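K.L.:
Pasting a structure here, questions to come.
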Amino acid sequence: MKRILAAAIGLLLTAASPPPQKMGLHIIISTAGDHLRARFHTDQPVTEIGFDDVQSPENEALLKPVRQRQWRPVGAGWLPCDGRLARRDGTPFQDADLDLYPDDVPLNYIDPLLFQAGGGFVLSSRYLLADQKRFDTTLVFLPRDGEFFDMGAPGLANVVQRDFTRAMYLGPADSLTGADGARVVASADFPAWARGRILAGLKSSQAFYTERIGLPLPWQPTLILAQLPSALDQRTSMIGKPAPGGVVTLRFFGPEALSGGETSRASLDRVVAHEVFHFWDAFVARLQNGDSAPWLFEGGAEYAALLARRAAGQLDDQAFYQEIDRTLSSCRRQLGTRGLGQLPTQERYRLAYPCGMVIQWVADMAIQHATHQQSGIFDLWRDLLNKGRAQGGFYRLEDFRAELAAADSSALTAVDLLLAPDGGNRWTRLRNQMGAYGVHTEPALESEMDTRLALFGHLVELDCAKTGSWQLSEGMGGFQLYLGSRACQHFGPTLEIRAVEGFSLLSDTYAAHSAAMQKCAFGKTVDLTLGNGQSIGVVCSQPMAPLAYSPPDFVVTGLP
């Protein structure tokens, strides 16, 4: 009995004992030529320092090989750095230096750890955060003479940082300039036309959102503009990333992104307007448990950007409808019969953009119909953000559904058509519901990809004088046509084609097909614009078949 009592007392004492105190880990960051130097110091000797991603354990598996490749311990006797920093012989240490080299390629939907911009470096500091159960990590950035450190708020250099969420920049002071109410970090050779267009887009979209939502931003925006090498596994030529404090980082991959062509300008306008809306839906307040429904904030930014671009005169009515139709087609093709709410994480983020925008469009049309055009989607966002601010900075998916149901309960039924698996009539029911809101539609033609395949199938057969296997895949600025070893008059083994008869294959597929069909009807030459800007002419001696309709798909021909 005494033994049992003693054991029980021991268990009680163990349970009541305080958790072990965290050890201080201090990291000092400075520039070192073409990379950053990180100096680690622990309050007591340790045998290893383990890292962990504070947002997603999934990211750690992706980050380990990047750390091993791009993070190099200084001095002999250290293990390669993947998920931990340790000596080969296991001896304790308190001090260690790491050289951190830029890695420009994004990993799935997360950012690079470190990349160059404006002659300096942008560091995603959350990847330096050590094991939170063991360490209390702090950061200090030490600018050298002629350098500055910035987190979107002035006066933070040489201060101990515990905030691992902001975009952190360290580099030359002369790369920071101010213009049109924004602070800009960019190299001197960044194209002037792109810089001017980005600033104009930021200013116009910020003013538009402020007026429509009615919530002014508490910060002056900071733009970080980075020109990076072309990323071979990246399907887009530009990526935007907002951060707390009003910071937007725009990364441009390869020369095509800043070519100044129609496609690159349109993409630039869209990305800027999209990221600026995130100042509101991700930082004025943000979605609680955002990984569960990224379609809400990403779709919100996509649709808001579409309305902002139209208000700024960047889209006429025809282009506006084309954007909606392209988004409907993309969502239909990628979602298939699945429900948006049941997708795995990576696909959930990828489809959040097109399908999330469709949901926002449905909500906007429902609200406008219910209020006789007196209110719309921005009124819903204003109420949602105000509720989020009253709830500690977080709005919830249930809040969005409640706001939408209050405007029109039928909108929830329409939204759930995309969130739940398809029962067999998803798009027919959605089209009927949009018709009830006053949206005019028509049956859709073949998908954009089917349209491109039909166009190039016809041209390849004529140019190569025989049929055979070939492939067409989306590239950085157009589409890659792969013919292998086939002998053709104009087409080579591999060719990047940007436009047909002056119409972009990325943004004006149906116009490109229509223009080529007219040329083929009279046996004329079809002009193709290549990725390098050169043109070739392919004689089209036989008529093309017209495009077929694909019910129950639909396109928008008029809005109330």
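The values are calculated or read from the model by the stated rules, or taken from the named source; none is laboratory data. Since this is a predicted model, take the numbers as computed values, not measurements. Counting neighbours? That spans all protein chains shown, and the Cβs are built from the backbone with ideal geometry, glycine included.
K.L.:
Please determine, by comparing only the residues of region 510-531 that are of a type in the set (S, T, N, Q) and assigned to a helix (DSSP H, G or I), which one is farthest from ASP325 (Cα to Cα).
P.N.:
Of everything passing the filter in region 510-531, GLN518 is farthest from ASP325 (Cα to Cα).
K.L.:
Sticking with this structure for a sec: Would you mind telling me which numbered condition in (1) of a type outside the set (D, E, K, R); (2) surrounded by 15 or more Cβ atoms within 10 Å (Cβ to Cβ); (3) in a loop (DSSP other than H, G, I, E, B) GLY424 fails?
P.N.:
(2)
K.L.:
Further question on the same structure: If I ask for residues that are assigned to a helix (DSSP H, G or I) and surrounded by 15 or more Cβ atoms within 10 Å (Cβ to Cβ), which ones from region 174-198 would you list?
P.N.:
SER175, ALA194, ARG195, ARG197, ILE198
K.L.:
Let me ask another. Whether any residue in region 199-219 is within 30 Å of ARG144 (Cβ to Cβ) and either assigned to a strand (DSSP E or B) or acidic (Asp, Glu) (or both) is what I want to check.
P.N.:
no
K.L.:
List pairs: first in region 392-408 and assigned by TED's automatic domain parsing to the domain that holds ASP364, second among the acidic types (Asp, Glu), Cβ under 8 Å, 6+ apart or cross-chain?
P.N.:
GLU403/ASP383
K.L.:
Can you find a residue in region 335-345 that is farther than 21 Å from ALA273 by Cα, in contact with a Leu (Cβ under 9 Å, 6 or more places away or on another chain) and free of Cβ contacts under 8 Å to residues at least 40 places away in the same chain?
P.N.:
Within region 335-345, one or more residues are farther than 21 Å from ALA273 by Cα, in contact with a Leu (Cβ under 9 Å, 6 or more places away or on another chain) and free of Cβ contacts under 8 Å to residues at least 40 places away in the same chain.
K.L.:
Cβ-Cβ below 8 Å, separation at least six or inter-chain, first residue in region 28-52 and farther than 18 Å from VAL160 by Cα, second hydroxyl-bearing (Ser, Thr, Tyr) and not in a strand (DSSP E or B): which pairs?
P.N.:
Final answer for the pair search is ASP34/TYR101; HIS35/TYR101; THR47/THR91; PHE51/TYR127.
K.L.:
Inside region 522-560, can you point out the residues that are at pLDDT 90 or above, touching a Leu at 6+ places or on another chain (Cβ under 8 Å) and among the polar types (S, T, N, Q)?
P.N.:
Matches in region 522-560: SER541, GLN542.
K.L.:
Here are SER541, SER550, SER507, SER469: which of them is assigned to a strand (DSSP E or B) and either surrounded by fewer than 18 Cβ atoms within 10 Å (Cβ to Cβ) or in contact (Cβ under 8 Å) with a residue 60 or more places away in the chain (or both)?
P.N.:
Exactly one residue qualifies, and that residue is SER550.
K.L.:
May I ask you to verify whether VAL460 is buried (at least 16 other Cβ atoms within 10 Å of the Cβ) and part of a strand (DSSP E or B)?
P.N.:
no
K.L.:
Another one. If you go through region 209-219 one residue at a time, do you hit one that is in contact with a strand residue (DSSP E or B) (Cβ under 7 Å, 6 or more places away or on another chain) and of a type outside the set (Val, Ile, Thr)?
P.N.:
no
K.L.:
Is region 245-258 home to any residue that is without any contact (Cβ under 8 Å) to a residue 60 or more places away in the chain, part of a loop (DSSP other than H, G, I, E, B) and not aliphatic (A, V, I, L, M)?
P.N.:
The answer is no, given that none of the residues of region 245-258 is without any contact (Cβ under 8 Å) to a residue 60 or more places away in the chain, part of a loop (DSSP other than H, G, I, E, B) and not aliphatic (A, V, I, L, M).
K.L.:
Inspect all residues belonging to region 480-492 and state whether any of them is more than 27 Å from ASP316 (Cα to Cα), surrounded by 19 or more Cβ atoms within 10 Å (Cβ to Cβ), hydrophobic (A, V, I, L, M, F, W, C) and in contact (Cβ under 8 Å) with a residue 40 or more places away in the chain.
P.N.:
yes
K.L.:
Where the second residue is assigned to a loop (DSSP other than H, G, I, E, B) and surrounded by 18 or more Cβ atoms within 10 Å (Cβ to Cβ) and the first is in contact (Cβ under 8 Å) with a residue 60 or more places away in the chain and small (Gly, Ala, Ser) and lies in region 180-209, which pairs have Cβ atoms under 7 Å and are six or more apart or on separate chains?
P.N.:
Hits for this filter: ALA186/GLY118; SER187/GLY118.
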